[in-house]
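Here's the structure, in structure tokens; my notes come after.
The values are calculated or read from the model by the stated rules, or taken from the named source; none is laboratory data. Keep in mind the model is a prediction, meaning the values are calculated, not measured. No Cβ is skipped: glycine too gets one built from the backbone with ideal geometry, and neighbour counts run over all protein chains shown. These area figures cover heavy atoms from the full protein model, side chains too; ligands, DNA and RNA do not enter into them. Shrake-Rupley method; radii C 1.70, N 1.55, O 1.52, S 1.80 Å.
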Amino acid sequence: MFSLADKVALVTGGSRGIGRAVSVALAESGAKVLVNYAGNEAAAAETLELVRAAGSDGAICRFDVADHAQVDEAVPRLAKEHGGLHILVNNAGIALDQILLRVKPEELERTMAVNVGGALWCSKAAIRLMMRQRYGRIVNLSSVVGEAGNPGQAVYSASKAGLIGLTKTLAREYASRGVTVNAVAPGFIETDMTADLPDKVKEDAIAHTPLGRMGSPRDIAAAVLYLASDEAGFVTGQVIGVNGGMHV
């Protein structure tokens with residue numbers, strides 16, 4: 001099951017954390033993986049090494065998902081160079097956490113540009129290709145805070161909620177062209193972003209997770225792999241919560 005042989009996947013923000021785990025999981029199932037990154041070329045190269053160690057191939061590709069001109073140049077070029085584009089995982093994202101009264105305009109603008117705009121521009125470029133193929137899988141990485149909210153994350157939670165709306169709308173717009181669009185909403189996951197949190201914050205998050213632990217990037221990658229597969233061909237417009245029961 002879940003064979004992605006002969007498929008080409010683009011994973012944005014694939015250089016570390018969840019993006020890296022997703023890249024490796026797709027490679028293990030046979031996909032060629034294009035690892036997007038914004039600035040850390042060394043980390044992206046490490047991901048590509050893991051992709052190749054998993055038995056597949058791929059490439060690293062630098063572009064800012066928030067810049068529609070860069071996206072419009074990069075995505076069709078990558079598809080031409082690598083034999084198409086069948087899977088897009090919109091994982092790139094940033095979190096500039098503040099309570100509402102401390103939010104600066106530039107923090108709002110950059111978060112929305114990357115988290116929502118990035119997914120929108122990449123999806124637009126990918127769908128142009130996928131429509132011609134009459135086949136495509138798009139998976140957006142939302143968050144449990146986009147469903148349930150979280151104090152101190154007004155902007156981030158709004159951006160992740162926006163991804164859910166984008167997912168459902170694109171699912172309706174392009175189902176007739178063979179393109180499915182779904183989202184995965186992670187809970188509290190062990191990544192670089194959570195590693196530096198105070199122990200008390202981690203303990204509280206785990207206390208509110210019925211399964212009693214933090215999730216791993218592989219937990220998220222497994223859900224993405226399913227949604228990217230042919231086996232999920234009758235699933236579209238859905239949000240799969242991978243959160244240990246934190247939000248049900």
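Sequence-ordered 3J(HN,Hα) estimates for the stretch 234-248 from the Karplus curve with 6.51, -1.76 and 1.60 and θ = phi - 60° stand at 10, 10, 8, x, 9, 10, 9, x, 10, 9, x, x, 4, 9, 10 Hz, glycine and proline given as x.
Based on a Kirkwood Rh over C-alpha pairs, give the Stokes-Einstein translational diffusion coefficient of the stretch 1-134 at 37 °C and viscosity 0.692 mPa s in µm²/s.
Numbers: Rh = 15.1 Å.
Here the translational diffusion coefficient equals 217 µm²/s.
Taking amide H as placed 1.01 Å from N in the peptide plane, the amide H of ALA54 sits under 5 Å from none that are at least 5 places away or on another chain. Across all Cα atoms of the stretch 148-248, the radius of gyration (one decimal) and Dmax (whole number) stand at 15.2, 48 Å.
Against the chain, whose longest principal axis comes from its Cα atoms, helix 41-53 is set at around 60 degrees. Using θ = phi - 60° in the Karplus curve 6.51 cos²θ - 1.76 cosθ + 1.60, the 3J(HN,Hα) couplings for the stretch 116-129 round to 9, x, x, 5, 5, 5, 5, 5, 4, 5, 5, 5, 4, 6 Hz; x is entered for Gly and Pro. Using only side-chain charges placed at the Cβ, +1 for Lys and Arg and -1 for Asp and Glu, the dipole size of the stretch 1-86 relative to its Cα centre rounds to 160 debye.
For the chain, the per residue solvent-accessible surface stands at 46 Å², with DNA, RNA and ligands left out and a 1.4 Å probe. Going by a ≥ b ≥ c, the root eigenvalues of the Cα gyration tensor, does the stretch 1-79 fall in the rounded group (a/c under 1.5), the prolate group (a/b larger than b/c) or the oblate group? Oblate, because a/c is 1.5 or more while a/b does not exceed b/c. 3J(HN,Hα) couplings calculated from phi for the stretch 134-151 with the Karplus curve 6.51 cos²θ - 1.76 cosθ + 1.60 (θ = phi - 60°) are, in sequence order, 6, 7, x, 10, 10, 10, 9, 8, 8, 6, 4, 6, x, 9, 10, x, 6, x Hz; Gly and Pro show x.
The distance between label points at GLU73 and VAL201 comes to 3.6 nm (points 7 Å beyond Cα on the Cα→Cβ vector).
Database remark: amide H of THR209 closer than 5 angstrom to no amide H (H placed geometrically; neighbours at sequence offset of 5 or more, or on other chains; Pro and chain starts carry no H). Relative intensity of the stretch 69-163 on a log10 scale, I(q)/I(0) at q = 0.11, 0.14 Å⁻¹, equals -0.38, -0.57, per a Debye sum over C-alpha point scatterers of equal strength in the absence of solvent. Per residue of the chain, the DSSP helices (runs of n ≥ 4 H) give a summed -39500 (n - 2.57) that works out to -14000 deg cm²/dmol at 222 nm. For the chain, the spread of Cα positions along the three principal axes, ordered from largest to smallest, is 48, 37, 35 Å. As a quick test, which of the pairs LYS7/LYS124; LYS124/LYS202; LYS32/LYS124; LYS104/LYS202; LYS168/LYS200; LYS160/LYS202 have an alpha carbon distance above 28 angstrom in this structure? Correct reply: LYS124/LYS202; LYS168/LYS200. Here the spin labels are modelled as points 7 Å beyond Cα on the Cα-Cβ line, and at ALA42 and GLN133 they lie 3.4 nm apart. Under 5 Å from the amide H of PHE2 lie the amide H atoms of GLU231, each residue being 5 or more positions distant or on a separate chain, with H modelled from the backbone and absent for Pro and chain starts.
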